[in-house]
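*Asks:* Supplied in structure tokens, the structure appears directly below.
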Amino acid sequence: MQVVFATEQTLRRLMQPAKINLASLGNMTAHLHWHVIPRFADDKHFPGSVWGEARRPGLPRPLDRGALRRSLRNELQAVAQ
């Protein structure tokens, strides 16, 4: 859970979403994985599920993937200590 929370904090800081959805899945195959999904009031599914039907057209949200990678690496190294 520390890794999930560190990922959430990084996304909150870098993307400033309206909210974050956390979903743990693994119902078809015996495994567990997490989705940490930043949500924005103007995203095409909001306030519904990202897996549901779109409610409006959406625009791609720019993301600095390098900054995300660096920030996640720093957060996860701190969790590992």
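*Asks:* Evaluated at 10 °C with a viscosity of 1.306 mPa s, what Stokes-Einstein diffusion coefficient in µm²/s does the range 37-77 have when Rh comes from the Kirkwood expression over alpha-carbon pairs?
*Replies:* On the way: Rh = 12.0 Å.
The diffusion coefficient I find is 132 µm²/s.
*Asks:* Sticking with this structure for a sec: Mind checking the dipole of the chain: about its Cα centre, +1 per Lys or Arg Cβ, -1 per Asp or Glu Cβ, Debye to the nearest 20?
*Replies:* The calculation lands at about 200 debye.
*Asks:* Turning to a different aspect of this structure: Please rank 68, 59, fewest neighbouring Cβ atoms within 10 Å first, as an exposure proxy.
*Replies:* Values: 68 15, 59 9.
Fewest-to-most ranking of 68, 59: 59, 68.
*Asks:* By counting other Cβ atoms within 10 Å of each Cβ, how are 37, 20 ranked from fewest to most?
*Replies:* Fewest-to-most Cβ neighbours within 10 Å comes out as 20, 37.
*Asks:* Let me ask another. Relative to the longest principal Cα axis of the chain, at what angle does helix 2-15 sit, 0 to 90 degrees, rounded to 10?
*Replies:* The helix 2-15 is inclined about 60 degrees to the chain.
*Asks:* If we count other beta carbons within 10 Å of each Cβ, what is the order of 3, 36, fewest first?
*Replies:* Exposure proxy ranking, most exposed first: 3, 36.
*Asks:* Additional query: Where does helix 65-80 land angle-wise versus the long Cα axis of the chain, in degrees 0 to 90, nearest 10?
*Replies:* That helix lies at roughly 50 degrees to the long axis.
*Asks:* Between residue 24 and residue 81, what's the calculated FRET efficiency when r is the beta-carbon distance and R0 is 25 Å? Round to 0.05.
*Replies:* Approximately 0.50, to the nearest 0.05.
*Asks:* Provide the net charge surrounding residue 55, with neighbours chosen by a C-beta distance below 10 Å and charges set as Lys +1, Arg +1, Asp -1, Glu -1.
*Replies:* 0
*Asks:* Per residue of the chain, what 222 nm ellipticity follows from adding -39500 (n - 2.57) for every DSSP H run with n ≥ 4, rounded to the nearest 500?
*Replies:* Counting only the DSSP helices, I get -12000 deg cm²/dmol.
*Asks:* A follow-up question, please. Assign one of three labels to the range 1-59, namely rounded, prolate or oblate, based on the Cα gyration tensor with a ≥ b ≥ c the square roots of its eigenvalues; rounded applies when a/c is under 1.5, prolate when it is not and a/b is larger than b/c, and oblate otherwise.
*Replies:* Verdict is oblate for the range 1-59.
*Asks:* I would also like to ask the following. Taking amide H positions as placed 1.01 Å from N in the peptide plane, with prolines and chain starts having none, which residues 5 or more places from residue 45, or on another chain, fall under 5 Å of its amide H?
*Replies:* 55
Throughout, read-outs are computed from the coordinates displayed, never taken from laboratory work. Everything numeric here is computed off the predicted structure, so don't read it as measured data. A quick note on method: Cβ atoms are made from the backbone with ideal geometry, for glycine too, and the neighbour counts reach across all protein chains shown.
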